[in-house]
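We did not get these values from a lab; they are worked out from the coordinates using the rules stated. Keep in mind it's a predicted model, so treat the numbers as computed, not measured. With ideal geometry, Cβ positions are generated from the backbone for all residues, glycine too; neighbour counts draw on all protein chains shown.
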Amino acid sequence: MSYRPKILAAPLFVVSLIVLAAHASFVQATSAPYPQRIVSLSPSVTETLFALGFGNRIVGVTTYCDYPAEARKLPKIGGFTNPSLEAIVGQRPDLVIGVNESSHPVKAREMERLGIKVALISVTSLNDILNSIQSIARWLGNPEAGEKLTQKIARQIDAVKKRVAPAPRRATLLAVGIKPLVAVGGKNFIDELITLAGGENIAGQAAQPWLNLPAEYVIAKAPRVIIEAGMGSEREQPAKRWQDLKSIPAVKEQRVYYYRSDKILRPGPRIGEGLEEIARLVHPECFAESQRGLNPGSGCEGSRP
Amino acid sequence: MKVLDRRKMILVNGVLLILLALSVIACALLGPVRLDLARAWQNIFAANSDAEILFRARLPRVLLGVAIGGGMAACGVVLQALLSNPLACPQMLGVSGGASLGGILGLIFFPNWLLPIASGLLGEISWVPLAAFLGALLSMIFVYRFSLFHGRLHPYHLLLSGVIFNAFIAAVIMFLNSIVDFYQAQGLLFWLMGSLSTRAYLTVAFIWGYIVCGFLWLWAKGLSLNLITLGEEAAMQLGVETAALQRQIFVASSLMIGAMVSVSGMIGFVGLMVPHVMRLIVGGDHRLLLPASFLAGGIFLCWADTLARVLLAPAELPVGIVTAFFGGPFFLYLLYREGGKKPAL
Amino acid sequence: MNPSILIRNLSFAYQDRAVLHDVSLSVEKGKMAGIIGPNGSGKTTFIKILSAVLSGQGEVTLNGRNIETYGRRELSKLIAVVPQESRINFPYTAAEIVLMGRAGHHGPFALEGKKDLDVARTSMESTDSLSFSNRYLHELSGGEKQRVLIARALAQEPEILLLDEPSAFLDLKHQLHVFELLRRLNRERGLTIVAALHDLNLAALFFPRLVMLREGKIYRDGPPQDVLSEKTIGEVYGIRVRVERDPSGEKPQLFICPSL
């Protein structure tokens, strides 16, 4: 007698599975070939999307996405490390793009469980960045735009490389925090940018991408250029801070700069521009406009490391 | 009868003083960077990188470490007496939490305001430490009011208020941590785990003066501290104005802790561990325990900071991590070995 | 007559619970008085008020001066208290504990001098505790600890000695020892002794005057043979006893009569 409910249950179960599968594929089949509603989990991704011409498809960005200006008007889905799952779901995205070097992989699993499609890009090295631009372009259905953008950036990088090529490498400190002193370390794209700009990152052999540097280390490594970069806060006269350490060449020769922009801190499409701006700080003599008809950049060769 | 006499006082403090001097010299010479001592001394006033490493980067830091290590240890001793609790430490009063919060808020909202004092030779002095000290004062007043019952500071209530206040502050700090950007988060870590990286001799001198004054004042109360560990009643019956003493100790140690945390963030473990270790070595009489702990605390933090600079070179660790990491197991080992025996001297 | 201790109309209440009601008594210099009564009758509170740990309503006069006019340091040289028990969380030796009794006699930075050591030694000798002066307090037995605490009180060189149930945690031998010590101290040094006691038989044997408290009021005050009777014990303690004389014939001793 008790077998009857089980006998009924089995075919019922099978039928519901079939219906579910059909529905899922039906849903997939009716969605557009390329994602039209995109949520960006990172400012660099947002910039990339706009640069590739997909700005009109973005339906959600983080509170830190401030470039280009249009990005600020887009709906916000939370911060960089803590995007809000609810806000994201509320935007009904076709695709969410995040970066590997953050909390996004973990968040991605949660989102996928809710049926949201997530794609992650790597932005550790320069190559990664260029590849990721192309990947995003492909996912969104316009690989040519990706090609164009990466080629443009590659050209910018090459131009800078040529300019600083004659000059010897210059020991450089790129600091992203002051109290405590946080310097850019090795194995990341900013370190590569410093190298491309003709500099020698004094903390470049470190395994970590960021590290607290003690003052004595900076003194010992004697950088000729010190660049303080950072997001947001106004720092007046960084040179004053270093004044008591006059044995550092950068301090003695008054080559302590404050670089306001985050072009070189965001692994996005503006790194080419940022590279040039940094190179101008590291090797100003290579960018001096020609005087008395000399070729531009020729003042570079005789410069000291 | 074996009791504390002048000979023992001079012997113990003398030895510790010598060890301290040696530690200062050694720690100033050690670091992730090799130092050419001869060159450092030769042109000491010129822009000489070795001289700068020694005198601008390392020495102020070492001296600060001595002062703060000593101050934390001394505060630990008196707080253990005040709260009649061997587990008491400077973090318990809530003052360090308030100072950290003040410093963090200062870091977030106005990190770049500078005091109108000439920088350069003295390094920069920003408003952040002052914000931290203000936070310390406010939390001291707050905890004090909540521990006052019938005009008396009851140790039990003090402990409870301090712990609850700290928990609340920790929650606020964690909240701030979740909304600041990546670079500010580094600054937060500095406050929570402590760091001695200051270059301003003015700051170091100020802290030294402040801590030494506080220490001497507390040392004068050594005998009363002995009595108060017998229990509030017994102390009263033996002649101590306990209500006044409790107030004074609370205020003095809060002010000291507030100043220290303002400059270097919360460096934990020193105030808990050093008093215990010294108690095992020299006994529980506060007239000796206080100066001995002060000196030993300075030695300990000096070396801990050197390790913090050297362990993961070129990166430096927050010194609070080193104190906890090495201090804890060492303390357990000492307790295991010496726990049941008499003091060594 | 200038009494050492003069108490007039003393009342005390813990928040809402009244403990002492309108107590008046006086103790002459060099006399002994035992405060007896069941738990909660106010004995310990009485001792605490006398040592200025608590402060009640009414007048407490010591050596002709109101107790409130004394600074604590000054008071510690006049009155010494031996508490019921001592729970100390810190490691001190017996000698260190006794020397703390000398705190009222020297300045803040000063270390103990020869006189302090001599007084401490003498105090420990008279309480027979010198042999374990270098052992830690927490290593000692209850009786040994008690002797150390008495030595500490003696080291204060007081005129008045207050004790709060000094034999509470002691075995018979040590109980007797403590009472004999008290009698000796009273005779040899002329110490005024006021003690809260719970053992009525020993109180009767050693204390020439007993003050019986009942619910915070003085019920009887006088020599043991007047204070301890079947009637008074029945009314204050609520138990039945038979009162006999001790072998010397003078002091009353109680035999408890259980109800089957």
Would you look at the GNM of chain B, springs on alpha carbons closer than 10 Å, and say which of B:Pro32, B:Pro314, B:Pro155 moves the most?
B:Pro314
Here, C:Glu85 and B:Phe206, labelled 7 Å along Cα→Cβ, have an inter-label distance in nm of 5.2
Cleavage-rule hits, chymotrypsin sites (Phe, Trp or Tyr not before Pro), segment C:162-260, DSSP coil, Cβ neighbours within 10 Å at most 15:
C:Phe169
Choose one of B:Ile228, B:Ala99, B:Cys213: the residue whose Cα lies farthest towards the positive end of the charge dipole of the protein assembly as shown (beta-carbon charges +1 Lys, Arg; -1 Asp, Glu; about the Cα centre).
B:Ala99
Report, by chain and number, residues whose modeled amide H sits under 5 Å from the one on C:Ile35, excluding near sequence neighbours (fewer than 5 apart, same chain).
C:Ala195, C:Ala196, C:Leu197, C:Val211
Distance between Cα centroids, segment B:175-247 to segment B:275-292: provide it in whole Å.
18
For segment A:122-150 and segment B:1-60, distance of Cα centres in Å
56
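For A:Asn56 and C:Tyr14, what is the calculated FRET efficiency with R₀ set at 60 Å and r taken between the beta-carbons, to the nearest 0.05? Let's see the in-between values first.
Working: r = 77 Å, r/R0 = 1.29.
That pair, A:Asn56 with C:Tyr14, gives E of 0.20.
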In nm, to one decimal, how far is the B:Ala220 label point from the B:Arg337 one, both placed 7 Å along Cα→Cβ?
3.9
Using the 10 angstrom Cβ neighbour count as an exposure proxy, how do A:Arg255, B:Arg61, A:Arg37 rank, fewest first?
A:Arg37, A:Arg255, B:Arg61
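Taking DSSP loops as anything outside H, G, I, E and B, show the longest stretch in chain C free of GluC sites (Glu not before Pro) there with at most 16 other beta carbons within 10 Å. Spell out each step's value before the answer.
Working: sites that count: C:Glu28, C:Glu85, C:Glu215, C:Glu250.
In chain C, the maximal stretch lacking such sites is C:86-214.
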Note the full-extension length gain between A:Thr63 and A:Val89 as 0.36 nm times their separation in residues minus their Cα-Cα distance, in nm to one decimal.
7.7 nm
7 Å from Cα along Cα→Cβ at both C:Gln225 and A:Asn131: what's the point-to-point distance in nm?
11.1
List A:Tyr217, B:Tyr333, C:Tyr136, A:Tyr258 from most exposed to least, where exposure is judged by having the fewest other Cβ atoms within 10 Å.
B:Tyr333, A:Tyr258, C:Tyr136, A:Tyr217
Residue with peak Gaussian network fluctuation, chain B [Cα springs, cutoff 10 Å], from B:Leu196, B:Leu272, B:Leu11:
B:Leu11
With the calculation restricted to Cα positions, what are the radius of gyration and Dmax of chain B in angstrom?
20.3, 65
Past the 18 Å Cα-Cα mark, which pairs from C:Lys48/C:Lys77; C:Lys43/C:Lys217; C:Lys173/C:Lys251; A:Lys73/A:Lys263?
C:Lys173/C:Lys251; A:Lys73/A:Lys263
Gaussian network model of chain C, springs between alpha carbon atoms under 10 Å - residue of C:Leu197, C:Leu213, C:Leu111 with greatest fluctuation:
C:Leu111
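Let me have the 222 nm mean residue ellipticity of chain B computed from DSSP H runs of 4+ only, each contributing -39500 (n - 2.57), with the sum over all residues rounded to the nearest 500.
Details: 14 runs with 241 residues, N = 345.
About -23500 deg cm²/dmol.
How would C:Ile239, C:Ile79 line up from fewest to most surrounding beta-carbon atoms within 10 angstrom? Intermediate results must be reported in sequence, preceding the final value.
Details: C:Ile239 13, C:Ile79 25.
The fewest-first ordering by Cβ neighbours comes to C:Ile239, C:Ile79.
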Please work out how much length the chain gains when fully extended from A:Ala222 to A:Arg37, using 0.36 nm per residue of separation minus the C-alpha to C-alpha distance, in nm with one decimal.
61.6 nm
For a quick check: with amide H placed at 1.01 Å from N, whose amide H comes under 5 Å from A:Tyr258's, ignoring anything fewer than 5 positions away on the same chain?
A:Glu228
Non-local residues with an amide H under 5 Å from the amide H of A:Thr62, with H modelled 1.01 Å from N and Pro and chain starts lacking one, are A:Ser42, A:Ile77
What's the center-to-center distance, using Cα atoms, between segment A:257-290 and segment A:45-98 in Å?
26
Taking θ = phi - 60°, what integer Hz values does the Karplus form 6.51 cos²θ - 1.76 cosθ + 1.60 yield along segment C:250-256, in sequence order, with x for Gly and Pro?
9, 8, x, 10, 9, 10, 6
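For segment C:1-123, what mean projected area does the convex hull of the alpha carbons give, in nm²? Before the final figure, lay out each step's value.
Working: hull surface 39.6 nm².
With every direction weighted equally, the projected area is 9.9 nm².
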Within chain B: Cβ-based charge dipole about Cα centre, in debye rounded to nearest 20 (Lys, Arg +1; Asp, Glu -1)
740
Per 10 angstrom bin, beginning at 0 and ending with the bin that holds the maximum distance, the Cα pairs of the protein assembly as shown fall in percents of 2, 10, 15, 16, 14, 11, 9, 8, 7, 5, 2, 0, 0, 0
Peptide B:195-207, shielding by other chains (average Cβ, 10 Å cutoff):
2
What is the calculated FRET efficiency for C:Lys173 to C:Glu235, with r their C-beta to C-beta distance and R₀ = 30 Å, to the nearest 0.05?
0.35
Computed ³J(HN,Hα) along segment B:258-267: with the Karplus parameters 6.51/-1.76/1.60, θ = phi - 60°, integer Hz and x for glycine or proline, the list is x, 5, 5, 5, 4, 8, 10, x, 8, 9
From the backbone phi of segment A:47-56, what are the Karplus-calculated ³J(HN,Hα) couplings (6.51 cos²θ - 1.76 cosθ + 1.60, θ = phi - 60°) in whole Hz, Gly and Pro given as x?
4, 4, 4, 5, 5, 7, x, 9, x, 6
Report, in listed order, any pair from A:Lys76/A:Lys187; A:Lys162/A:Lys240; B:Lys2/C:Lys145 with a Cα-Cα distance greater than 22 Å.
A:Lys76/A:Lys187; A:Lys162/A:Lys240
Pairs beyond 25 Å (Cα-Cα), from A:Lys221/A:Lys252; A:Lys107/A:Lys148; B:Lys8/C:Lys114:
A:Lys107/A:Lys148
